[in-house]
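Structure first, commentary second.
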Amino acid sequence: MSCLIAIIGRPNVGKSTLFNRLTESRQAIVDEASGVTRDRHYGKVEWCGKHFSIIDTGGYITGSDDVYEAEIRRQVVISLEESDAVMFLVDVTTGITDLDEDVAQILRKSAKKVFLVVNKVDNNERINESHVFHRLGLGEPFCISSINGSGTGELLDAINQELEVASEPEDLGLPKFAIVGQPNVGKSSFLNVLLGEERTIVNPNAGTTRDTIHTHYKGFGKDFLLIDTAGLRKKSKVHEDLEFYSVMRTIKAIEDADVCFLMIDAQTGIESQDLNILHLIEKNRKGLVIIVNKWDLVEKDDKSTKAYTENILERIAPFTDVPILFASVKTKQRLIKALEAGHLVFENKTKKVPTSKLNKILLPIIESHPPPAVKGKYIKIKYITQLPTDTPQFAFFCNLPQYVKEPYRRFIENKIREHFDFSGVSISIYFRKKD
Ligand code: GDP
Ligand code: GDP
């Protein structure tokens with residue numbers, strides 16, 4: 001199960017420094033593989049084999065100095081709604097400020113787990129100064145230094161322990177679908193069309209640790225869980241305008257899903273905001289179906305879908321093996337097709353190709369197109385196997401894995417996609433040493 005933790009606190013307490021420290025190593029790997037530019041505010045943390053995500057809320061503060069306090073309070077409220085736990089960062093060198101008191105008051109009223117973190121405790125003397133923070137009424141503070149890293153291990157241990165306690169929502173073994181996209185593309189309309197069929201909702205069960213509702217949808221021969229983030233059906237008038245709010249909701253929905261339907265508006269085409277969401281989906285290794293909605297509003301001729309598709313593929317490259325559907329929630333055009341595509345992508349994401357089949361098909365291709373020799377040395381790929389991971393990953397065993405370059409990896413990926421259907425899912429390919 002995924003878990004999202006928000007780092008909150010006023011400016012200059014060290015939120016982004018802590019974020020960088022916790023995400024650094026892992027981020028580099030993820031981003032190198034996907035070619036995605038580094039996200040400065042949202043990232044993955046791995047500690048002792050456990051994974052969770054963190055978001056640096058400070059990165060989303062917009063207003064000028066005189067409005068920032070109100071904005072911070074709003075962010076704290078949203079973070080409490082949309083994340084699984086929060087780290088409340090305070091600064092030992094300033095002590096408790098009025099704004100810290102305000103935030104603590106909001107946090108004390110919430111049922112969410114709060115980690116009170118006293119930052120800039122760079123040396124032992126400062127530990128003594130950290131005792132004042134007991135007054136915030138949020139339990140024993142964690143003393144850390146984001147700059148030199150001290151204390152962060154204890155903090156991560158405590159988070160891991162908390163994650164262990166958090167109980168998993170019942171897993172029915174059904175695919176989990178999420179509908180994501182920019183405001184106004186038609187997400188809630190789509191959800192309402194699906195859920196409007198009252199008879200089809202067989203079991204609305206709330207997730208136990210977060211506010212996401214997984215609605216069990218059954219109808220038209222389809223059976224899946226629909227991730228309905230708190231505000232999707234019932235829009236929140238208070239927060240709707242905030243970028244931060246939609247970012248939090250989108251992240252949460254993506255993390256919970258197996259397959260995401262990324263809805264874009266046919267009238268505007270694919271925009272950079274859509275690409276940001278797409279990269280989040282890729283980064284989390286979730287399945288993807290693109291729905292171009294409001295197709296009813298587009299003046300079409302027989303070349304429209306082709307031209308449209310080409311434009312999208314160009315924008316989403318290099319990950320282009322993705323189902324794209326032209327739909328209209330209004331006229332209910334191709335909605336069933338979209339659900340079918342979602343199921344297919346889920347199958348692709350979870351399927352395991354037998355080793356014998358992989359080798360039978362790929363080894364002859366490799367033989368006729370071997371990796372280019374490096375410094376007179378020949379690279380010999382001996383066999384291939386799919387790893388027992390929950391997303392498609394393949395290991396190619398060879399004598400000189402370090403000499404296999406990116407273009408060859410791409411070539412191999414394309415061959416895998418040609419011969420086995422992995423439409424809508426990202427795949428990883430590793431070259432490993434075997435003499
Ligand atoms: P944010 O506004 O909360 O994201 O804070 P920043 O991460 O930008 O940090 C604000 C300032 O505090 C920067 O100058 C950091 O270098 C400094 N800082 C952050 N963490 C520590 C720490 O653990 N010890 C010390 N001495 N300074 C820190
Ligand atoms: P959300 O913000 O992504 O949840 O978008 P909504 O579902 O609230 O839809 C925004 C607006 O687009 C509403 O006025 C919908 O009626 C309209 N809309 C949604 N889907 C379609 C469609 O397929 N065709 C047309 N013409 N309008 C649509």
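Miscellaneous remarks
- Cα-based radius of gyration for the stretch 373-435, normalised by 2.2 N^0.38 Å, reads 1.16.
- Length released on extending from His419 to Cys48, taking residue separation times 0.36 nm less the Cα-Cα span: 129.9 nm
- Distance (nanometres) between label positions extended 7 Å along Cα→Cβ at Asn12 and Ile365: 5.8
- Three-way shape label, the stretch 85-150, alpha-carbon gyration tensor, a/c 1.5: prolate
- Near Cys143, the amide H atoms lying under 5 Å from its own belong to Val118; only residues 5 or more places off or on other chains count, and H is placed 1.01 Å from N.
- Derived scalar couplings ³J(HN,Hα) [the stretch 405-412; Karplus, 6.51 cos²θ - 1.76 cosθ + 1.60; whole Hz; x for Gly, Pro]: 9, 3, x, 6, 4, 4, 4, 5
- Shape category assigned to the stretch 64-122 from the gyration tensor of Cα positions, a/c cut at 1.5: oblate
- Subtracting the Cα-Cα distance of Glu101 and Glu310 from 0.36 nm times their residue separation leaves 69.9 nm of extension gain.
- Glu154/Ile336 FRET efficiency (R0 41 Å; Cβ-Cβ; nearest 0.05): 0.20
- For the stretch 144-155, Karplus couplings with θ = phi - 60° (6.51, -1.76, 1.60), whole Hz, Gly/Pro x: 9, 10, 5, 6, 9, x, 5, x, 5, x, 4, 4
- Anisotropy class of the stretch 296-402 from Cα gyration tensor, a/c 1.5 cut: prolate
- Note on Lys303 and Arg126: with the Förster distance fixed at 45 Å, the Cβ-Cβ geometry gives a FRET efficiency of about 0.10.
- Where labels lie 7 Å past Cα in the beta-carbon direction, separation of Lys375 and Gln273 in nm: 5.1
- Using θ = phi - 60° and Karplus 6.51 cos²θ - 1.76 cosθ + 1.60, couplings along the stretch 322-335 (whole Hz; Gly, Pro as x): 9, x, 10, 10, 9, 10, 9, 5, 5, 9, 6, 8, 6, 6
- By average C-beta atoms within 10 angstrom, highest first, the peptides 301-312, 406-417: 406-417, 301-312
- On full extension, the segment bounded by Glu140 and Val77 gains 20.5 nm, given 0.36 nm per residue less the C-alpha separation.
- Using a simple spin-label model with pseudo-atoms 7 Å out from Cα toward Cβ, Thr93 and Ser356 lie 6.6 nm apart.
- Solvent-accessible area of Lys50 with every protein chain in place, 1.4 Å probe, in Å² to the nearest 10: 60
The values are calculated or read from the model by the stated rules, or taken from the named source; none is laboratory data. All values derive from a computational prediction rather than experimental measurement. Note that each Cβ is placed from the backbone with ideal geometry, even for glycine, and that neighbours are counted across all protein chains shown. Quick note on the areas: whole protein, heavy atoms, side chains included, nothing else; ligands and nucleic acids left out. Shrake-Rupley method; radii C 1.70, N 1.55, O 1.52, S 1.80 Å.
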